[in-house]
Amino acid sequence: MARWRSALAAGSVGLVAGLCVVLPSTPASAAPADLVIDYDCYGVGNTYTIAKYAPVRLRTRLTFATDLVVGGALDLKWSIAYKDGSRFSSPGYYAAGAQMNVLGNAQITGAWQGVLQPTGATTISSKLRMDDPLALPAGIADPGQITRAGVIKIEPKDIVVDFVPPDGEATVNNGNDGDNPRFHTINYGGPWTEFDDRLSSEHHIHNDYHETSAQGASAELKFIGTGVKYIGPRDREGGPVKVSLDGAQRAEVDPSRNIEDDPVNEVHNGGFTLWESPQDLAYGEHTIKIENGSAKKAWLDAFIVTTNTSKVPTDFHRASCKLVSSPVSVEVTVREKPGQSPTVSPTVSPTTSPTVSPTQTPTGTPATTPTRHHNGNHNSGNQTTVDRLVSVHGTTTVTATPTVKTSTGPTATNYVAAQVKKTPFGGVPSGEAPEPSRQPYTLMAGGTVLLLGSAAGGLAMRRRRAAHAGNRR
């Protein structure tokens, strides 16, 4: 029995040893970078910025792979959301279709030198009033093509946010704060009376209007745009109304007369454009004012603001966002493709063995700037801040160090195709192609089985001999 245990133990050791030999080892890949970076945003250049109530605080999340191969892409994915209750706000009254554009910046140093600038945009589908909150794009992206191996460092920089107003018209009604929030209403001077819930057959905007019989009573609106219209009713009881733009009188209109200057016999026939400014005003803030020029009645239904996008400077409503914490950087390792080897140029002669002239890959290639591609993600609606984020604090530099993997470079063995697939036995060697690498799984398993079988057979034979010896006694 002791010999049986010894044989069995020997076979088990052989089996474990065989398994240990044939199992391959796989190096671990580097974890992707996952950074949370907070920004504070302020207006740039003028008072018409979307960050009028600065600072507007953003929370961003930057993710990208840190272990890459040549031929792939360094794809920066940068999600963006409001961090708290602060918001970018509409600088004026606009039709539907305004756009929010975001441009990020990531400094690249090391094996590459340059800047990646991921971009994103979202279109606002609703009309905008003064100070309406503005939605952000869900994220920005910019995949950069990887052309060679090396180690690079990525450092996030400032973010720029631009508001692009749409072409079209926006109505500023004569009503109260429900029509014009945050006290950006039409400013009335003197006694005016508001009439609500008028018949729809009178054609007033929102079925309401303001009326005055006091000479000198006025109504004024500040707006941002390239044109404006004064809307009111035609009425036989009306008198002259003075119209001023940016402090200078531009016209005097009489709602008791039609466009041919003939008296009308209408009462409260609303919805007429009583005066229209030139529609090529310089884009920016303007002021329109109407004033009752007599003791007769004057009315105001609404002002309509016009915007011509072609006249809007690109950065007119810009906000610049600065990092709140100290700079953060991440190292990225770019490896050669697995199995990649230098180019070889074999010269084959019918009477001689092939001459191999490998072309060497030059080292110390000058740094170049990666090609940029701008991809915009278009999403509408306000974004929700992700809660499961870990903020980056202090002056820590985050470095992702991947497991070093063997790279086949210029020093690797080069193989050249043989003249024949297999050299005949006894023939002249002519550059035989190397046998493909094979894993000896089957061979090792078979050897282990034979080892166990031999041990078992030997023990069985010894027991038979012992039994025969006992019978002879």
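Readers should treat all values here as calculations from the given coordinates under stated rules, not as data from a laboratory. Keep in mind that this is a model prediction, so the values were computed, not measured. So basically every Cβ, Gly included, is an ideal-geometry build from the backbone, and we count neighbours across all protein chains shown.
Couplings 3J(HN,Hα) of region 297-303, computed from phi: 6, 9, 9, 9, 9, 5, 10 Hz, in residue order, whole Hz [Karplus 6.51 cos²θ - 1.76 cosθ + 1.60, θ = phi - 60°; x for Gly and Pro]. Taking amide H as placed 1.01 Å from N in the peptide plane, the amide H of A217 sits under 5 Å from that of N292, each at least 5 places away or on another chain.
The H on the amide N of G271, modeled in the peptide plane, is under 5 Å from the matching H of I205, G232, each at least 5 residues off or on a different chain. Note on K337, K229: ascending count of other Cβ atoms within 10 Å places them as K337, K229, the fewest first.
Relative contact order for region 169-311: 36 percent, from Cα pairs under 8 Å spaced at least 6 residues apart, divided by residue count. Across region 169-311, the fraction of Cα-Cα pairs farther apart than 20 Å, rounded to a whole number, is 43%. Give the long-range amide H neighbours of D131: residues separated by 5 or more places, or on another chain, with amide H under 5 Å away, using H modelled in the peptide plane at 1.01 Å from N. Under 5 Å from the amide H of D131: S90, G92. When the Cα convex hull of region 20-133 is projected onto planes of every orientation, the mean area is 11.9 nm². Rounded to the nearest Hz, the phi-derived 3J(HN,Hα) couplings of region 143-149 under the Karplus curve 6.51 cos²θ - 1.76 cosθ + 1.60 (θ = phi - 60°) are x, x, 5, 8, 10, 7, 6, where x marks glycine and proline. Across region 66-72, computed HN-Hα scalar couplings (Karplus, 6.51 cos²θ - 1.76 cosθ + 1.60, θ = phi - 60°) run 10, 10, 10, 10, 4, x, x Hz from first to last residue, x flagging Gly and Pro.
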